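The values are calculated or read from the model by the stated rules, or taken from the named source; none is laboratory data. Since we're looking at a predicted model, the values are computed, not measured. Neighbour counts are summed over all protein chains in view; Cβ atoms, including those assigned to glycine, are modelled from backbone coordinates with ideal geometry.
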Amino acid sequence: MKIDSDTSLFCLIGNPVSKSLSPLIHNISFEWNKINSTYLTFNVEDLEKSIDGIKALGIKGFNVTIPYKEKIMIYLDEIDKLAKDIGAVNTVKNIDGKLVGYNTDGLGFIKSLEERNINLNNKNVLILGAGGASRAIAMTLANEGIHKLHITNRTIKRAKNLVSDINNTYENLDVKFIEKNNIVDCYDIVINTTSIGMFPNIIDMPIDPSIFDDDTIIYDIIYKPRPTKFLKESKKQNKITIDGLDMLIHQALLSENIWLSENLDYFLMKNNIKKRIM
Ligand code: ATR
């Protein structure tokens with residue numbers, strides 16, 4: 001894509017940002033969709049000054065990553081309900097100086113299931129972990145007609161806080177904390193949102209998948225490595241497995257939809273991005 005005086009800039013702010021795949025994904029998408037935009041990363045030390053800079057330069061939209069997904073919220077003029085419920089923002093649109101925050105992480109997860117024709121209605125779901133990614137997925141799932149949501153986590157208080165936040169937002173859903181060593185229920189989907197098994201500690205697993213039925217869908221949101229040991233072991237047991245790359249691509253493309261107010265063709269673009277990432 002040729003950069004000229006009409007090129008719009010989008011970016012990622014965080015610290016560190018050097019390992020992010022977002023520039024690759026967005027720049028491939030801009031090129032593929034013939035959108036005259038480019039995407040850069042900024043390693044940010046001073047969040048407030050960076051936001052002033054974004055406004056001053058008229059940057060049309062940006063993503064937010066660790067450690068600013070929560071901290072950014074006080075600087076925004078408006079926050080979408082789902083992002084508010086999650087308590088974190090990963091996407092900001094700059095509408096003539098008015099900053100509006102969204103969170104596309106959970107919706108990216110849902111899209112990755114939709115494209116596999118996995119219906120969430122009445123499903124029983126177990127989430128491993130209660131950090132930022134878990135919050136985004138759990139809050140989004142809670143609005144998708146699931147039957148039961150159990151959450152397990154090393155730090156019990158964190159999981160209990162998440163359960164109580166979901167209960168306050170979705171009163172009729174069966175949500176509870178469960179001890180990892182006390183899992184007896186059957187689940188349709190088990191989702192690993194912990195960093196256990198992520199590069200470089202690739203020999204670890206968050207839980208032994210053999211405790212789950214063979215028809216349980218095992219989803220690991222980690223995309224490095226792909227697959228994780230957790231998914232490899234699950235596959236040996238003939239379980240359906242899903243890794244984190246589709247969610248990553250979908251959340252990025254959902255951000256673009258927000259920035260550009262366009263319905264980009266996810267499927268074609270996603271396959272194009274996937275080919276170039278691998
Ligand atoms: P993210 O934004 O990717 O979700 P995070 O908010 O730091 O990152 O959350 C990481 C998750 O992985 C948490 O659920 C964390 O458990 P704690 O809340 O107990 O910290 C979990 N996690 C990371 N390393 C872990 C380990 N070695 N054993 C168990 N859980 C771990």
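Name the residue that is nearest to the ligand (Cβ to nearest atom), counting only residues in the stretch 73-89 that are closer than 23 Å to Lys49 by Cβ and either over 15 Å from the mean Cα position of the chain (by Cα) or surrounded by fewer than 16 Cβ atoms within 10 Å (Cβ to Cβ) (or both).
Ranking the candidates gives Met73 first.
In the stretch 68-107, which residues are assigned to a helix (DSSP H, G or I) and among the hydroxyl-bearing types (Ser, Thr, Tyr)? It would help to see each step written out before you state the result.
Here is the first cut: in the stretch 68-107, the ones assigned to a helix (DSSP H, G or I) are 71-75, 81-86, 105-107.
Across the stretch 68-107, the qualifying residue is only Tyr75.
State all residues of the stretch 247-269 that are charged (D, E, K, R) and either surrounded by 22 or more Cβ atoms within 10 Å (Cβ to Cβ) or closer than 23 Å to Val100 by Cα (or both); if no residue qualifies, say none. Spell out the reasoning first.
As a first pass, look at the stretch 247-269 and keep what is charged (D, E, K, R): 256, 262, 265.
Across the stretch 247-269, the qualifying residues are Glu256, Glu262.
Working carefully through the options Phe42, Phe30, find the one that is assigned by TED's automatic domain parsing to the domain that holds Asp265, assigned to a strand (DSSP E or B) and out of contact with any Pro (no Cβ under 7 Å at 6 or more places or on another chain).
Values: Phe30 fails: assigned to a strand (DSSP E or B).
Among Phe42, Phe30, only Phe42 is assigned by TED's automatic domain parsing to the domain that holds Asp265, assigned to a strand (DSSP E or B) and out of contact with any Pro (no Cβ under 7 Å at 6 or more places or on another chain).
Out of all the residues in the stretch 90-107, which are more than 13 Å from the ligand (Cβ to nearest atom), touching a residue at least 24 places away in the same chain (Cβ under 8 Å) and at negative phi?
Initial filter on the stretch 90-107 (more than 13 Å from the ligand (Cβ to nearest atom)): 91-102, 104, 107.
In the following step, the residues that additionally are touching a residue at least 24 places away in the same chain (Cβ under 8 Å) were identified as 91-94, 97, 99-102, 104, 107.
Those that are more than 13 Å from the ligand (Cβ to nearest atom), touching a residue at least 24 places away in the same chain (Cβ under 8 Å) and at negative phi: Thr91, Val92, Lys93, Asn94, Leu99, Val100, Gly101, Tyr102, Thr104, Leu107.
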